[in-house]
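Structure, as structure tokens:
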Amino acid sequence: MPVNLLDFDSKQLADFVASVGEKPFRARQLMRWVHHFGESDFERMTDLARSLRAKLAHEALVALPSLLADSTAADGTRKWLLDVGAGNGIETVFIPEANRGTLCVSSQVGCALECAFCSTGRQGFNRNLGVGEIIGQLWWANRALGRDARSDPATGDRIITNIVMMGMGEPLANFDNVVTALRIMLDDNAYGLSRRRVTVSTSGIVPNIDRLREECPVALAVSLHAPNDALRDRLVPINRKWPLAQLLAACKRYVEAAPHDGGTPEAGSLGEKWQRKSSPRDFVTFEYVMLAGVNDQPAHARELLRITDEAPCKFNLIPFNPFPQSGFERSGPDAVRRFQQILLDAGVVATVRRTRGDDIEGACGQLAGKVNDRTRRRERRQTEVRA
Ligand code: SAH
Ligand code: SF4
């Protein structure tokens, strides 16, 4: 069986190259061809010896998920639906902004965690994505955006400057594959992104926050969504396994252990003044979905400040993005502003995430893809609704 080169980080590629009797520098060349230049045809890798190209044609592939749909929202947000076999499709979203381009990447087909307000959770779960299926989203997006991974030929800038693991699935529930994919994102011969520009978002798989800190520290976002266990148990059920005290302790460990890699702050971003004093891994970003009448009251904001005062953090408030039969409503702008102001008054950075791409169901929490559900969650729900 030929191997899929998209599955390999640099070390695994070096092992593969050695196994077919080639010198180590060939691994670097291959890494650059596949990721940097987005080439999947060995015949076009012109600086590889003909004999090596023939060997590769037998032993290896660059196997990509195929494209099922490609939609662009009025605000320029673009969403791709990629086929990952057996009736499953995953979604990837590109969000262009003035001074950055963010790719939102999926880590699983569906999600097993069932947060109450999330459309992905509602779809059920099929399986973890492989490394090639995770990194294939980045490969595809670069290709579809008409660029190689290095730069926009006109400006010299990259098209995809930031990656957030905030698509379908819980990245820390697919730990090994996600970490290998992260290594490829950071690899200078592949996508060369800095650790500050790659963010893993987790609903709170505590032991794997610690493993991420040890194995591949990148920027960390934690889906908090509630200031106490009673409410969080209801909104984010994984809280019953790892309650807030344990989650916040892991966040503190993450920040304390993060090596400082210096670097300049991202110009123009919100919270820029604050960031100037620190590198982005000096803090954890707490995501907080704003659900009308559920978690958006001033008392919730004050309770949040009390529980997070030991962890260097900033808050990203996400107005809830509705989907059919969610049972929740988005907090009004006044409620969001009032909540934000309480955090700001306490000297905590708090931004409000702008809704992007909601007309193509590409906003946070709206990614549904095509999930051949193995948990029979949808069936169970329908039975509950009928009962
Ligand atoms: N599973 C990971 C990453 C994917 S979700 C996690 O839960 O962190 C990315 C973010 O979108 C999370 O903060 C998630 O809680 C939030 N989200 C989910 N559903 C949403 C919705 N309907 N509206 C707004 N944000 C939502
Ligand atoms: Fe899964 Fe994240 Fe959605 Fe929760 S919010 S169901 S962890 S994708």
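Just so you know, all these numbers are worked out from the coordinates, no wet-lab data involved. In this text, all values refer to a predicted model and were calculated from it rather than measured experimentally. Cβ sites come from the backbone with ideal geometry, for glycine too, and all protein chains shown count toward neighbours.
Can you work out the Karplus-derived ³J(HN,Hα) for every residue in the range 81-89? Use 6.51 cos²θ - 1.76 cosθ + 1.60 with θ = phi - 60°, whole Hz, and x for glycine or proline.
After applying 6.51 cos²θ - 1.76 cosθ + 1.60, I find 10, 10, 7, 10, x, 6, x, 9, x Hz.
Under the Karplus relation 6.51 cos²θ - 1.76 cosθ + 1.60, θ = phi - 60°, what is the ordered set of whole-Hz ³J(HN,Hα) values for the range 245-251, x standing for Gly and Pro?
4, 5, 5, 5, 5, 5, 4
If amide H atoms are built 1.01 Å from N in the plane of the peptide, which residues on other chains or at least 5 residues away come under 5 Å of the amide H of THR77?
GLY357
Would you work out if the range 40-85 is rounded, prolate or oblate? Take a ≥ b ≥ c from the square roots of the eigenvalues of the alpha-carbon gyration tensor; rounded if a/c is under 1.5, else prolate when a/b is larger than b/c, oblate otherwise.
Details: a/c = 6.87, a/b = 2.51, b/c = 2.74.
In terms of gyration-tensor shape, oblate.
Of the DSSP beta bridges with both residues in the chain, give the percent that are antiparallel, rounding to the nearest 5.
The antiparallel fraction comes to roughly 45 percent.
Calculate the length of the line joining the C-alpha centroid of the range 62-87 to that of the range 104-136, in whole Å.
15 Å
Using only the Cα atoms of the chain, build the gyration tensor, take square roots of its eigenvalues as a ≥ b ≥ c, and label the shape rounded, prolate or oblate: rounded if a/c is under 1.5, else prolate if a/b is larger than b/c, else oblate.
Details: a/c = 1.86, a/b = 1.50, b/c = 1.24.
Here the chain falls in the prolate category.
What's the FRET efficiency of MET1 with GLU214 using the Cβ-Cβ distance as r and R₀ = 35 Å, to the nearest 0.05?
Result of the calculation: an efficiency of 0.60.
Please say if the range 78-148 is rounded, prolate or oblate, where rounded means a/c under 1.5 for a ≥ b ≥ c the square roots of the C-alpha gyration tensor eigenvalues, and otherwise the choice is prolate for a/b larger than b/c and oblate otherwise?
oblate
Counting only pairs 8 or more places apart or on different chains, how many lysine pairs in the chain have C-alpha atoms closer than 26 Å?
For the chain, qualifying lysine pairs total 11.
Return a whole-number percent for the relative contact order of the chain, with Cα pairs under 8 Å and 6 or more residues apart as the contact set.
Worked out over the chain, it gives 18 percent.
As a check on your grasp of the helix formula, calculate [θ] at 222 nm for the chain: sum -39500 (n - 2.57) over DSSP H runs of n ≥ 4, divide by the residue count, round to the nearest 500.
About -9500 deg cm²/dmol.
Each residue of the range 290-305 in order: what ³J(HN,Hα) in whole Hz does its phi give by Karplus 6.51 cos²θ - 1.76 cosθ + 1.60, θ = phi - 60°, with x for Gly and Pro?
So the J values, rounded to whole Hz, are 9, 10, 4, x, 9, 9, 10, 8, x, 4, 5, 5, 5, 5, 4, 4.
Please flag any cysteine in the chain that has no other cysteine's Cβ under 4.7 angstrom from its own Cβ.
CYS104, CYS111, CYS216, CYS251, CYS313, CYS364
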